Each structure stands twice: as C-alpha cells, then as structure tokens.
1. Return the pair list, or none, for Cβ contacts closer than 8 Å from residues in the stretch 39-55 that are under 14 Å from Gly175 (Cβ atoms) to residues that are among the basic types (Lys, Arg) and surrounded by 10 or more Cβ atoms within 10 Å (Cβ to Cβ), at least 6 apart or on different chains.
2. Within the stretch 17-69, can you find the residues that are surrounded by 13 or more Cβ atoms within 10 Å (Cβ to Cβ) and farther than 30 Å from Tyr92 by Cα?
3. Report, by residue number, each residue of the stretch 88-123 that is of a type in the set (D, E, K, R) and out of contact with any Asp or Glu (no Cβ under 9 Å at 6 or more places or on another chain).
4. Please count how many residues of the stretch 99-133 are surrounded by fewer than 21 Cβ atoms within 10 Å (Cβ to Cβ) and touching a Cys at 6+ places or on another chain (Cβ under 7 Å).
5. Conditions: (1) touching a residue at least 24 places away in the same chain (Cβ under 8 Å); (2) over 12 Å from Leu130 (Cβ atoms); (3) of a type in the set (S, T, N, Q). Ser229 meets all but one. Number of the miss?
6. Are there any pairs, at least 6 apart or on different chains, whose C-beta atoms fall under 9 Å, with the first in the stretch 159-173 and under 17 Å from Thr40 (Cα atoms) and the second basic (Lys, Arg) and outside any loop (DSSP other than H, G, I, E, B), and if so, which?
7. Return the only residue of Gln116, Gln98, Gln89 being touching a Gly at 6+ places or on another chain (Cβ under 6 Å), touching a residue at least 12 places away in the same chain (Cβ under 8 Å) and over 22 Å from Ser210 (Cα atoms).
8. Restricting to the stretch 1-31, and then to whatever is closer than 30 Å to Phe170 by Cβ and not in a loop (DSSP other than H, G, I, E, B), can you tell me which residue is modelled with the lowest pLDDT?
Amino acid sequence: MKQESRNNKLTVQPIDYLVPDVPQKLPLFEVPLLKASSETLENYGELVDDYHDYPVEIVTWPSQGRRPVDSGTGNEAGTVSGTFDFWWQGDYLYGKNQAVNDQYLLGWSKNPGEAQKDPQNFVDHERVLLWHVNYHPDGGQLFYPLDGLPFVVPLALPGDDVKPSDFVAFYVDGGKGLYIHPNVWHEGVFPLTEKASFYDKQGKVHARISCNIAQEFGVFLSVPLKCPS
C-alpha cells in the first residue's frame, strides 16, 4: 500500500489483502497481553455471553457541513451477519469474512521471508505477526466463537494517529464472545488452534479505515497466542 499526504490527509492505493506489499523481514514490536474482563476492556468493548440478538451500535452518517443529518436518517443500513473463519496454512494465518465476502492474509508466525505456506502438521504457533490493522467508523462488530474456545484479539483505542505502542492484546476465555465498539482499531480475532469459526455481526455499510503497520512504522506487530500468566 503506497501512501501520499495531501493537505495532511493520506491518500491510499488499493490494498491486496492476500498478497500484501510488505518487506520480507522487519523488527517485531511486542504487543502486551491482558486477560479480557469488563475492567480491562473498558472503552474498547464488552464480553458477550450470548450472541443471539446482541445489539450492534450503528453510527449516524456524518454531516458534510453546517446542516445536520435529518433525525432518524443516516443510520438505516442496519447490520449484516455471517461466519468469520480463521485458519493456519503452515506459517500463514488467513481469515474469511462470509458476512461481507472478504478474505485476508492476516499475518504470519514468523517473518514472511522465512514463513512456509505448504501444508504441514499443525504446531501451536506462539504468535502472529500483523502487517495491517483497521477500524469501522459506521458501527461496532461482534465476534463469538462457535466452538466455544478461547481466542486473542489486539485492540487500540480510537484515533487516526495510532501507533504500535497503542495496541494491547486481550485473551478471551472459552465460552465468551467479544463486542468491539465503533472506531476501535483491530484486525480480526485469532484462535489458539489450527482453525476456528466465529459468528460475526457488524454494520452493513462496512466502512474500513486502514493502517499498514509494516509500511508506516517499519515493524510487524507481534501478538502472543497464549493465556496470560
């Protein structure tokens, strides 16, 4: 992804999410890991016990000038839901969001120049190295593990001046889901097993604001895949 600044606003070229334009090796920025709770998730989101009919926030379309958006409009697109699948293929971690029909290479367990994609016997990966993060300004997003197993998710609070040190990884206990507020930075959720499927519910507009961590900061985010001690 190439970026240029015009009047302090980034202009972004289209991203190839399956073959990202990133270096084959970069320094790793270690993301701290916390146990997810109502206290640690404050301002990021909420733990979810039951995903059925769980409310997802929808953000009203912003006014373009001094005239306000008419009451009751600008937030009528609603939500979309489906299965979000995650799986390891060798050292490559992939995700496919059936709700919005998108597929992504999320990261690797080692620098991409060393990573092997050929199928192999699964071994527990200790980490995932992320090259990209994003947020949704139009609404929140709900993830719930259909297999009931624990997972890890990296999050950063809203703000377009995000940097690697803003990220915290949260370990979510088995049997719990996670709801992420609008504008909170994230990049999928990561299973501690070879593959996992999640119920996903999010705003139907699906606006996505991106940050190519590798190109903007010259590092990969290293997210630990374990239970915090």
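The values are calculated or read from the model by the stated rules, or taken from the named source; none is laboratory data. Since this is a predicted model, take the numbers as computed values, not measurements. Cβ coordinates were reconstructed from backbone atoms using ideal geometry, including for glycine residues, and neighbour counts include every protein chain displayed.
1. Within 8 Å, the pairs are Leu47/Lys176; Val48/Lys176; Asp49/Lys176; Tyr51/Lys201.
2. Tyr54, Val56, Glu57, Ile58, Val59, Thr60, Trp61, Val69
3. Asp102, Asp118
4. Count: 0.
5. (1)
6. Hits for this filter: Phe170/Lys35; Tyr171/Lys35; Val172/Lys35; Asp173/Lys35.
7. Details: Gln98 fails: over 22 Å from Ser210 (Cα atoms); Gln89 fails: touching a Gly at 6+ places or on another chain (Cβ under 6 Å).
Every option except Gln116 fails the conditions.
8. Residue satisfying both the conditions and the ranking: Gln3.
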